[in-house]
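Written out below as structure tokens is the structure these notes cover.
The values are calculated or read from the model by the stated rules, or taken from the named source; none is laboratory data. Keep in mind it's a predicted model, so treat the numbers as computed, not measured. Cβ coordinates were reconstructed from backbone atoms using ideal geometry, including for glycine residues, and neighbour counts include every protein chain displayed.
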């Protein structure tokens, strides 16, 4: 009884939160809002540069995190067999990294990418910082996918005299694609909603960025700024939150859809 | 029983004092077995007597099991299997293996057949197509699948999948075919199809087949080796021409087993 009550409470809370954002944000959503530059510190105008910066940051994040994540996952799943010291060390490190608060990543990114590497407050710094942040989840998800390839498949491939490379390329990588997609989208969701790590790295300049070395304001930072620092920015904060939530929902939906689709084709394939 | 025409003293496989360990646990002890070229040799014995483990030594699949260790010697066509210069990829092309459960790869029938060929250097598509058709005919699958080579191999029935796996191994022109209870997951009709396939391959390939089914061993094999589990360790008790092993075994244990008294 109590449990049901709590469950209903949680559900209601979720709908309240989402409903509030949708109701208060929806009136602000117009084509102009999506296409225009912000004016008067974001109280007027739109969020076009913010969307561009957000997309650019995410591209940098994925561009770095995917190859590194995939390589590490292949190493962990295929070459370290969970026994080597290096493999154990990497896994331990990833588990710790996964639970490090994002503000720490922000400070790390600020120190390493912005200052030490001299990238300043830029989309590049922000993207690289987010890449560090999403790597643990990405690697662990891909590793799980790689490990899910049954031993019987590996043995019968080996019994046909297939080389290690061929087994990886033709049997193991394709099998890991769904988990790669899942890890990617999970990471993307986390990156998209990240604020703390970005304030210190990609900054909050709301102009249209001209290169990856320009500072760029992500959606979440924009919301933070409008809500906290700009009196009278509420309406546009709500509208931006609306856009962010819709993006996150689409990503989640897409993940579910992909997994469902791949799950079915794999079943048929075996 | 059809004996084929083995050359005298020509053994495809010869093991001498073969021991196998998984970690510190001995699995096989001092197996001395000679397997004649071009014949079908059955390996029978109760569960845990090391039959499957024995097979996996013969194509060095044991290399993939981290803690597996082999000592003693194994000769395949007179060559030492564990010599340092043995190329396991080439070895496994020459010594094919079929598993208990058919393992089609999760893509089309065509790609299942072509992938190993391509890996072993056959790049020409026409050659590939010819080879694929030949072996699919050999296993009696061609008529059933020729119009749907692009379909997923997972859509075939269990018996068809197993014949596909056999064809996939045969396409590499192996000299030896190791079969680990290839019919145990199949219905009687598919089993009959596989058995007659084995009969038709006799002479062209050396076949070693592990089976729990004594009647099957009797039906299809020329030679039979009987393994027994002695205090958890697999040992070879006796090997002989199949008729002799079943009718007049030398060892009382064999006699008890083939008559269903023990095992």
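In the set A:220, A:202, only one residue is part of a helix (DSSP H, G or I) and closer than 19 Å to residue A:132 by Cα; that residue is A:220. Scoring residue A:101 on the criteria (1) on the phi > 0 side of the Ramachandran plot; (2) surrounded by fewer than 13 Cβ atoms within 10 Å (Cβ to Cβ) leaves a single failure, condition (1).
What are the pairs, 6+ residues apart or on separate chains, where a residue within region A:158-171 that is at positive phi and facing another protein chain (nearest Cβ under 9 Å) has its Cβ under 6 Å from a residue that is surrounded by 19 or more Cβ atoms within 10 Å (Cβ to Cβ) and part of a helix (DSSP H, G or I)? Every condition considered, the pairs that remain are A:161/B:92; A:161/B:93.
When B:197, B:178 are checked against the criterion of being within 30 Å of residue B:11 (Cα to Cα), crowded, with 18+ Cβ neighbours inside 10 Å and within 13 Å of chain A (Cβ to nearest Cβ), B:178 stands alone in meeting it.
As a summary of the residue check, residue A:6 satisfies the conditions (1) in contact with a helix residue (DSSP H, G or I) (Cβ under 6 Å, 6 or more places away or on another chain); (2) at pLDDT 90 or above except for the one numbered (1). Among the conditions (1) over 19 Å from the mean Cα position of the chain (by Cα); (2) touching a residue at least 24 places away in the same chain (Cβ under 8 Å); (3) within 29 Å of residue B:65 (Cβ to Cβ), the only one that residue A:114 does not satisfy is (3). The conditions of being more than 14 Å from chain B (Cβ to nearest Cβ) and surrounded by fewer than 20 Cβ atoms within 10 Å (Cβ to Cβ) are not met by residue A:76. Would you confirm whether or not region A:143-151 contains a residue that is part of a loop (DSSP other than H, G, I, E, B), modelled with pLDDT of 90 or more and either more than 24 Å from residue A:255 (Cβ to Cβ) or within 14 Å of chain B (Cβ to nearest Cβ) (or both)? So far as region A:143-151 goes, no, none of its residues is part of a loop (DSSP other than H, G, I, E, B), modelled with pLDDT of 90 or more and either more than 24 Å from residue A:255 (Cβ to Cβ) or within 14 Å of chain B (Cβ to nearest Cβ) (or both). Looking only at region B:94-107, decide whether some residue is facing chain A (nearest Cβ under 9 Å) and over 24 Å from residue B:152 (Cα atoms). Taking every residue of region B:94-107 in turn, at least one turns out to be facing chain A (nearest Cβ under 9 Å) and over 24 Å from residue B:152 (Cα atoms).
Check A:255, A:235 and return the single one that is modelled with pLDDT under 90, closer than 15 Å to residue A:29 by Cβ, more than 14 Å from chain B (Cβ to nearest Cβ) and surrounded by 12 or more Cβ atoms within 10 Å (Cβ to Cβ).
A:235
The number of residues in region A:27-47 being within 13 Å of residue A:237 (Cβ to Cβ) and surrounded by 18 or more Cβ atoms within 10 Å (Cβ to Cβ) comes to 5. Checking B:118, B:137 one by one, the residue that is free of Cβ contacts under 8 Å to residues at least 40 places away in the same chain, within 24 Å of the chain's Cα centre (by Cα), closer than 21 Å to residue B:202 by Cβ and surrounded by fewer than 18 Cβ atoms within 10 Å (Cβ to Cβ) is B:137 and no other.
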